[in-house]
Amino acid sequence: MHSIEQIYIDGQFVQPQGDEWFDLYNPATAEVIGRVRLADARDAKDAVRAAHRAFPAFSRTSKAQRIAWLTKLHAAVLARVDRLAAATTEEYGAPANRAMWGARYAAESFLTAAQTLEAYSFTRRIASAEVTMEPVGVAALITPWNANAGFICNKLATAIAAGCTVVIKPSEMSAIQTQIVTEALHEAGLPPGVFNIVTGRGDTVGAELSTNPHIAKVSFTGSTAVGKSIVRASADTMKRVTLELGGKSPTLILDDADLDTAVPLAVKAGFENSGQACIAGTRILVPENRLQDTVRLAKDAVAAVKVGHLQDADSAIGPMVSQRQYERVQSYIRRGVEEGATLVIGGEGHPDGLGGYYVKPTVFANVTNDMTIAREEIFGPVLSILTYRTEEEAIEIANDTVYGLQAYVISSDLERARAVASRLEAGRVIINGAPHEPLAPFGGFKQSGIGREYGVFGLEAFLETKAVLGALENVPQ
Ligand code: NAD
């Protein structure tokens, strides 16, 4: 049994003042595997004070110094990828391969931030002005459970590159991963107060961070509903916000696509991270006259997906993270049937031979874009196949959503795919299954969020812009 009793403030592991204990589960078995003592608003205040004290010195550190720290942080997390991956499987239910990818991504994010920082110029000249980019202040970093370690590391790496000190509020459901990451970060030897980690509930610790006057910026990844509440709560102190929220991403299979490769690719994009992914391509759009073939191929592709057996190299889908998430997915499957969609494969209940919070990977056909399963983020392996008559209509359906995080286009004609991509309302468009690019901006249009992470755009989200006039020589008076 894991017992996690400490948080991290001002360079030290300390016992929280909060005294609530929260159970941790193995989602594959639904068994309790440990417990974590949660921080409360008092702890959050202490953490903010520590970050506030550390800010003046840290914000003036040199680029070279920050790159050196980022390099140490990378090494410290990299040294723990095996433990981190194992914890991600145990506590979150990720298949081992996916868990290892996530752990490596967490470590790599420090190097990616260092690379961005190395090439970035904090000062530029614009007409007669000298324009400098300055650290925004103390940042609150709030993460969800579906890739907790990766979000902690990527947000922290960017904040450090910018010269900001931080208070991190990880998901309370990911405390084992957080503990391993915290040990690694501690080992890197940053000055006390530069980063502080307070695991607690959203409505206590998160709420304090959203209103505390010493927090200048909130970088949040999570649901759209909570994102909106953070905007409201932070308005009084005019915090800068970066919000990475939900999605209902479309996958447009164009009529020239080879269905034999397109459909498995679309299914893969939908089942990303067991379907618990903000970027999951959950609405598959196909030409009306190719529906039958698509349904057949989708059924085959899903039947071939390995669910469970998380240690197997080809395991692709794990359980949902919690009982609540399991029930949420069940209710959407029920809703799909009630609203008249055709169940192609999957359905309610557990897959054969699996318990815990496993759900059946499910595909619906004959879905229309007004159905609940096409409009709301399910956050599980449940896909909808919709049809279109013309490319114009495909684009219209794709954009007919409150979300706009990511979109996928599959076509044998790159120019055509690019033309379609240019008309999609999404922060990222993936053509023909292109791999992740950690230096390119990531974030949402519409209710999928505000702002961007990664690369230069991500860095600038932790910076304020200052124009100084009269500072430069050779400017005509
Ligand atoms: P959530 O919004 O419930 O929680 C996210 C975090 O916010 C948690 O740490 C939680 O404790 C905290 N929180 C809750 N209430 C809060 C409050 N009032 N003030 C401040 N913080 C609060 O999300 P979740 O269930 O943990 O994660 C799933 C959601 O995250 C999905 O909607 C998914 O699309 C989204 N997500 C988005 C991205 C992205 O990059 N766009 C990536 C992953 C997940």
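The values are calculated or read from the model by the stated rules, or taken from the named source; none is laboratory data. Since this is a predicted model, take the numbers as computed values, not measurements. Every residue, glycine among them, receives a Cβ derived from its backbone with ideal geometry; neighbour counts consider all protein chains shown.
Some observations on this one:
- For segment 183-208, filtered to residues that are surrounded by fewer than 23 Cβ atoms within 10 Å (Cβ to Cβ), more than 11 Å from the ligand (Cβ to nearest atom) and not aliphatic (A, V, I, L, M), the residue that is farthest from I160 (Cα to Cα) is E183.
- G247 falls short on exactly one of the conditions (1) among the small types (G, A, S); (2) surrounded by 24 or more Cβ atoms within 10 Å (Cβ to Cβ); (3) away from the ligand (no atom under 13 Å from the Cβ); (4) within 30 Å of I215 (Cβ to Cβ), and that condition is (3).
- Scanning segment 1-34 for residues that are touching a Gly at 6+ places or on another chain (Cβ under 6 Å) and among the aliphatic types (A, V, I, L, M), we see that the one that is nearest to T204 (Cα to Cα) is L24.
- When residues in segment 209-227 are screened for being out of contact with any strand residue (DSSP E or B) (no Cβ under 7 Å at 6 or more places or on another chain), more than 7 Å from the ligand (Cβ to nearest atom) and polar (S, T, N, Q), 2 of them pass.
- Matching residues, segment 385-417, being among the hydroxyl-bearing types (S, T, Y), more than 19 Å from A280 (Cβ to Cβ) and surrounded by 15 or more Cβ atoms within 10 Å (Cβ to Cβ): T387, Y388, S411
- Within segment 291-315, the set of residues being small (G, A, S) and more than 23 Å from I410 (Cβ to Cβ) comprises G308, A313, S315.
- Residue selected from segment 348-364 under the condition touching a helix residue (DSSP H, G or I) at 6+ places or on another chain (Cβ under 6 Å) and among the hydrophobic types (A, V, I, L, M, F, W, C), by the criterion surrounded by the fewest Cβ atoms within 10 Å (Cβ to Cβ): V363
- Lone unmet requirement of (1) within 16 Å of the ligand (Cβ to nearest atom); (2) among the charged types (D, E, K, R); (3) surrounded by fewer than 20 Cβ atoms within 10 Å (Cβ to Cβ) for R283: (3)
Residue by residue, here is whether (1) touching a residue at least 24 places away in the same chain (Cβ under 8 Å); (2) closer than 17 Å to M173 by Cβ holds:
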{"residue": "S3", "(1), (2)": "yes, yes"}
{"residue": "D10", "(1), (2)": "yes, no"}
{"residue": "D19", "(1), (2)": "no, no"}
{"residue": "D23", "(1), (2)": "no, yes"}
{"residue": "P27", "(1), (2)": "yes, yes"}
{"residue": "A39", "(1), (2)": "yes, yes"}
{"residue": "D43", "(1), (2)": "yes, no"}
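- Counted residues, segment 304-344 - those being of a type in the set (K, R), under 23 Å from the mean Cα position of the chain (by Cα) and either within 13 Å of S274 (Cα to Cα) or surrounded by 13 or more Cβ atoms within 10 Å (Cβ to Cβ) (or both): 1
- Of the residues making up segment 96-111, those that are surrounded by 23 or more Cβ atoms within 10 Å (Cβ to Cβ) and closer than 17 Å to A159 by Cα number 4.
- Residue list for segment 161-178, filter: more than 19 Å from the chain's Cα centre (by Cα) and not hydroxyl-bearing (S, T, Y): A161, A162, G163, C164
- Filtering segment 429-437 for residues that are within 16 Å of the ligand (Cβ to nearest atom), of a type in the set (S, T, N, Q) and in contact with a helix residue (DSSP H, G or I) (Cβ under 8 Å, 6 or more places away or on another chain) leaves an empty set.
- A68 satisfies every condition listed in (1) more than 30 Å from L24 (Cα to Cα); (2) in contact (Cβ under 8 Å) with a residue 40 or more places away in the chain except (2).
- Test set (1) in contact with a Pro (Cβ under 8 Å, 6 or more places away or on another chain); (2) outside any helix (DSSP H, G or I) - Y25 fails condition number: (1)
- Checking I345, I317 one by one, the residue that is touching a strand residue (DSSP E or B) at 6+ places or on another chain (Cβ under 8 Å) and within 26 Å of M173 (Cβ to Cβ) is I317 and no other.
- Filtered residue count, segment 365-384, keeping only those that are of a type in the set (V, I, T) and buried (at least 17 other Cβ atoms within 10 Å of the Cβ): 4
- A search for C-beta distances below 8 Å between a residue of segment 219-231 that is farther than 15 Å from G443 by Cα and any residue that is assigned to a helix (DSSP H, G or I) and near the ligand (Cβ under 7 Å from one of its atoms), counting only pairs 6+ apart in sequence or on different chains, returns V226/G202; V226/G206; S229/S210; I230/G206; I230/S210.
- Strands (runs of 3 or more DSSP E) within segment 367-470 that include 2 or more residues under 28 Å from A159 (Cα atoms) and modelled with pLDDT of 95 or more: 406-410, 428-431, 463-469
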